[in-house]
Each structure stands twice: as C-alpha cells, then as structure tokens.
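Just so it is clear, none of the values below were taken in a lab; they were calculated from the coordinates. Owing to the predicted nature of the structure, the values given are computational and were not obtained by experimental measurement. So basically every Cβ, Gly included, is an ideal-geometry build from the backbone, and we count neighbours across all protein chains shown.
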Amino acid sequence: MVTRIAVVGGGVSGLVSAYRLHRLLGADAELTVFESTGATGGKLRTGTLAGRPFDLGAEAFLARRPEAIALVRELGLDDELVHPTGARATVRAGAQARQLPPGTVMGVPASADAVAGVLSPDGLAQVAAEASLPPVDLPSKDVPLGGLLRSRFGDELVDRLVDPLLGGVYAGGADGLGLRATMPGLASALDRGATSLTAAAASLVPASPSSAPVFATLRGGLGALVERLAAASGAEIRTGTTVRELHRRDGGWRLVVGAAAAAHAPEESTVDFDAVLLAVPAPAARRLLAEVAPAASAAFAQVELASMAVIGLALPPGTELPDASGVLVGASEQRDDGRPFAVKAFTFSARKWAHHTGEGAPVLLRGSVGRFGEPGALHADDGELVRLVLDDLAELTGVRAEPVDTVVTRWGGGLPQYGPGHTGLVEAIGRAVAEVPGLDVAGATLHGVGIPACVATADAAATRLAEFAKMDAWRG
C-alpha cells in the first residue's frame with residue numbers, strides 16, 4: 001500500500017523531511033513538496049555576484065553539530081565541503097574594532113580576563129564582580145536573557161558583545177530573547193548547580209581550545225545542498241503553489257492549493273493525502289493548523305519574526321580589506337556623526353573563505369541589515385540600501401572602493417524570535433501535533449534557527465511520520 005505524503009514548505013527543513021521520508025519508506029511513499037515561492041531552498045539561496053556563485057542567505061553552518069556535516073556526506077557532497085580560513089572575527093565595541101574574544105558562551109564570559117580586550121575598566125570590573133554576587137536562582141520556566149545578564153554583568157557586556165553575537169544569529173538582542181531558548185547549555189549548567197553565570201560559562205568552555213573548525217560551507221554555495229536534496233528526495237516538487245487550507249477527511253487529509261501569485265479570486269484545487277508534514281514559517285503554520293490543531297496554531301501565533309537583508313558587494317580586484325573574517329556591530333554603536341549604523345555585520349568573504357579568493361578575482365563581501373523591532377534601513381529601496389551599506393563600510397574599515405557589482409536580497413519575516421516563553425510554546429506545539437494522526441511539523445521555529453537544527457527537526461518529524469505510515473499500512 002502506497003502512502004501519499006505532502007510536505008508543505010520547500011526550504012531546507014521541508015527538503016530534508018522529504019529526503020528522509022524517501023529513504024525510510026522508498027517506493028511505499030508517494031511524496032509531494034509544496035513551495036509557495038518560485039524556488040526551493042528557503043533561506044539557502046546561492047546567486048551570482050560578479051559572475052561568481054555567492055550565498056545570499058545562510059552562508060555556512062556549524063560544523064561542531066553533527067547533523068549538517070553528516071547530511072552533506074550522505075548526499076555525496078564531501079568534495080565540496082570547505083572550512084573558513086584562520087582569519088579572526090572582530091566586533092565594533094566602544095567605537096573601535098576589537099578581536100572577538102574566545103572563552104565565552106555567546107559573549108557570556110568564563111572569566112573577566114576573557115573579555116578584557118572588549119570592555120572598559122568599569123565594564124570589566126562589573127564582570128569580575130559577577131561571581132561574588134548572590135547565587136543565580138533560575139526558575140524552571142524561561143527568563144528574559146537580557147534582564148538576567150544586565151542584572152549580573154551590567155549593560156556594557158550585553159551591548160558590546162552579547163547583542164552583536166545574538167544579532168548575527170537571530171537578528172534580535174538579548175532583551176527580547178529567552179535564556180533557555182537561546183543558551184540552553186548555560187541554563188543547564190545553572191540547573192546543575194553553578195552559582196554564577198561566570199561559573200556556568202566556565203563549565204562549558206573547554207580548557208584547551210579545539211582545533212576542529214567551527215563552521216563549514218560548500219565551495220559552490222549552499223544551493224548545491226538544496227539541489228541534491230530535491231533530486232534525492234524522489235518527490236514531486238510544486239513551486240509557486242500555496243497550500244491555503246488543511247482539513248481532516250476520512251482518516252486522511254485534504255489540502256486546498258492555489259497559485260501563489262493568484263489574483264483576488266484565485267483558482268484553487270483540492271488534493272488528498274494520507275499524511276502531512278508542515279515545514280513552514282510560524283504565520284503559515286498558524287493559519288494551516290487553526291482548524292486541525294488549534295492549540296498548536298495558537299502557539300505558533302505567539303512567535304514573532306524579524307526581517308533582514310543581505311547585501312552582496314563585489315569590489316575591484318586588489319581592494320584591501322581588514323585582516324579579519326568580518327565585523328559585528330551592536331545596536332548601541334554609532335557612527336562618528338552620531339547616526340546609527342545601517343548594518344549589524346559585515347562578512348569579509350574574501351578573507352573568510354579561500355574559495356572566494358584568486359588572482360584577478362573581485363573582492364567579495366556581504367553586509368547584513370535588520371534587527372527585530374528596528375527595521376531602520378530596511379525601509380530604503382535597494383539603491384539607497386546599497387549606499388548606506390557602503391557608507392558603513394567606509395566608516396568601519398576605511399574602504400571606499402566603488403563596487404563592480406552589487407546584489408540585494410531581502411528576507412521578510414525571515415528569522416523567528418526565541419523569546420522568554422519560546423520553549424513552552426514549542427512544547428505546546430509538540431503536544432498538540434502529536435494528538436493528530438498523520439501530522440507533524442519541522443523547521444526553524446522549533447529547536448534552533450541554524451541549518452543543523454533544522455536538519456534535526458526534519459529528521460525527527462520524518463521518522464515519526466514514517467512510523468505512522470508503516471502502522472497505517474499494516475492496519476490497512
């Protein structure tokens with residue numbers, strides 16, 4: 001008996017789900033992936049910049065988590081796997097570019113010495129005093145990260161170091177995020193008895209730095225992963241198709257689908273499946289689950305999202321960039337004229353990745369714009385946005401070369417915010433969805449926004465649906 005399974009969402013989570021279902025069920029499953037945009041991949045998008053492949057969404061993944069590396073090797077992309085050069089990252093702190101310090105957990109220091117090069121003497125004194133404060137009394141529910149860090153370390157550590165690091169991951173700052181949702185290792189160390197945040201961080205920072213690379217990517221861009229997943233999934237992939245409604249019907253599912261760019265009265269059709277896996281952003285999940293899993297829908301509705309943009313810049317060959325992999329910029333940092341920076345970070349791609357270098361090659365880099373609750377420069381049109389980013393580049397680095405090519409990619413509502421109640425929302429989603437046979441969810445809303453975390457949620461959801469499909473076939 002063939003089980004018909006719909007995967008709604010053609011980003012990396014949806015494609016991994018389809019691929020894993022195909023591996024688990026083979027010819028016993030007929031898979032269809034529905035993607036509302038014109039292309040699969042979601043936040044993995046490889047375009048071209050000055051005629052060279054260039055990632056315009058996620059540019060890398062954590063290599064110290066096993067899921068993405070294992071998937072790349074499983075798909076036979078080993079030869080494309082590359083790691084960063086030895087260039088160090090910097091952070092703009094106190095109006096200066098400073099090396100990003102080791103010995104921290106997302107900026108939370110294992111000792112005051114770890115952040116001596118980033119903070120002022122007063123800020124450093126507050127960090128040094130944290131271990132002597134009354135023990136941290138952490139409740140079982142999540143707490144606001146910013147409030148906790150500011151009460152223990154003061155504002156300077158958060159503004160100069162923690163916020164720039166979090167901004168690069170979530171496009172949000174510590175004040176809007178939850179401790180357990182964003183730094184679960186730190187929370188677990190406190191649960192195990194660490195009496196201070198410094199001691200908790202020290203328990204997580206290895207005594208000897210690992211020589212293993214932290215990040216990895218694919219030489220030709222992460223679009224190669226998207227293409228390989230789509231081909232290996234064995235699924236019918238329907239791009240430009242929006243799933244508008246989801247209904248239970250006769251022990252299975254009926255999807256109402258239509259063209260993504262349809263007019264006011266769109267043409268719609270219905271298609272039936274035995275099981276459905278949703279791998280879509282929170283707003284789409286809220287809408288689709290409203291009837292079939294209202295508690296999950298209500299939880300998804302509480303997840304807020306941040307928008308951002310990636311601006312790719314190709315500078316003339318020979319342009320000298322700083323000797324660093326990039327620079328992070330906190331929201332509190334200002335230009336010399338008192339204006340805020342448009343960017344939250346620059347990645348000096350030509351310094352960070354060897355495959356972006358070469359004799360006579362354009363000098364490639366990317367600027368990231370957009371913070372949660374502060375759209376700022378995102379209101380500008382593409383031309384003005386490029387101008388603002390170039391102005392920031394000149395201010396931060398002294399580089400004033402005119403680009404030979406530029407590309408702007410906007411990600412509206414691209415990053416879910418893991419607020420203080422996020423872990424509870426995810427638990428509620430899991431409970432509600434588990435009560436509905438033949439339904440599961442995956443994606444960046446759940447257990448992490450990075451590629452390895454998305455792969456993990458997709459693998460888990462596909463495994464559960466495969467078990468359902470086998471049981472359902474047995475009953476049939």
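Each residue of region 390-405 was assigned a 3J(HN,Hα) from its phi angle through the Karplus curve 6.51 cos²θ - 1.76 cosθ + 1.60 (θ = phi - 60°); the sequence is 5, 4, 5, 4, 5, 5, 7, 10, x, 7, 10, 5, 7, x, 8, 7 Hz, with glycine and proline shown as x. In a DSSP loop and with at most 16 other Cβ atoms within 10 Å, the GluC sites (Glu not before Pro) in region 376-476 are 435. Under 5 Å from the amide H of residue 105 lie the amide H atoms of 110, each residue being 5 or more positions distant or on a separate chain, with H modelled from the backbone and absent for Pro and chain starts. Treating the angle as unsigned and between 0 and 90°, give the value, to the nearest 10°, between the Cα long axis of helix 422-434 and the longest Cα principal axis of the chain. Taking the Cα atoms of the chain, the angle to 422-434 is about 10 degrees.
On the basis of the beta-carbon distance and an R0 of 51 Å, residue 191 and residue 28 show a calculated FRET efficiency of 0.75. Computed about its Cα centre, the charge dipole of region 103-204 is approximately 280 debye, with only Lys, Arg, Asp and Glu carrying charge at their Cβ. Among DSSP beta bridges lying fully in the chain, give the percent that are antiparallel, nearest 5. In the chain, approximately 70 percent of DSSP beta bridges are antiparallel ones. Could you tell me which of rounded, prolate or oblate describes region 305-416, using a ≥ b ≥ c as the square roots of the eigenvalues of the alpha-carbon gyration tensor, with rounded for a/c under 1.5 and, failing that, prolate when a/b is larger than b/c and oblate otherwise? In terms of gyration-tensor shape, prolate. In this structure the amide hydrogen of residue 48, modeled in the peptide plane, comes within under 5 Å of the amide hydrogens of 54, none closer than 5 places in sequence on its chain. Here the sum of -39500 (n - 2.57) over DSSP H runs of 4 or more residues, divided by the residues of the chain, equals -9500 deg cm²/dmol at 222 nm, to the nearest 500.
Net charge in the neighbourhood of residue 352 (other residues with Cβ under 11 Å of its Cβ; Lys, Arg +1, Asp, Glu -1) is +2. Fully extending the segment from residue 137 to residue 339 would add 68.8 nm, taking 0.36 nm per residue of separation and subtracting the current Cα-Cα distance.
A dipole drawn for region 103-204 from +1 and -1 charges on Cβ atoms has a positive end, and of 138, 151, 121 the residue lying farthest that way is 138. Between 425, 225, 462, the Cα set farthest toward the positive side of the dipole of the chain (charges on each charged residue's Cβ, about the Cα centre) is that of 462. Distance between the 7 Å Cα→Cβ label points at residue 125 and residue 88: 2.7 nm. Put simply, when 172-181, 309-318, 334-343 are sorted by average Cβ atoms within 10 angstrom per residue, most first, you get 172-181, 309-318, 334-343.
I want to check the label-to-label distance for residue 248 and residue 64. Put each point 7 Å from Cα in the C-beta direction and report it in nm to one decimal. That separation, rounded to one decimal, is 4.4 nm. Annotation: extensible slack from residue 204 through residue 97 equals 35.9 nm (criterion: 0.36 nm per residue apart, minus Cα-Cα distance). Note on residue 295 and residue 405: the model spin-label points, each 7 Å out from Cα along the C-beta direction, lie 5.2 nm apart.
Mean sequence separation of contacting Cα pairs (under 8 Å, at least six apart), scaled by the length of the chain, corresponds to a relative contact order of 24 percent. For the chain, the Cβ-based charge dipole about the Cα centre amounts to some 560 debye (Lys, Arg positive; Asp, Glu negative; other atoms uncharged).
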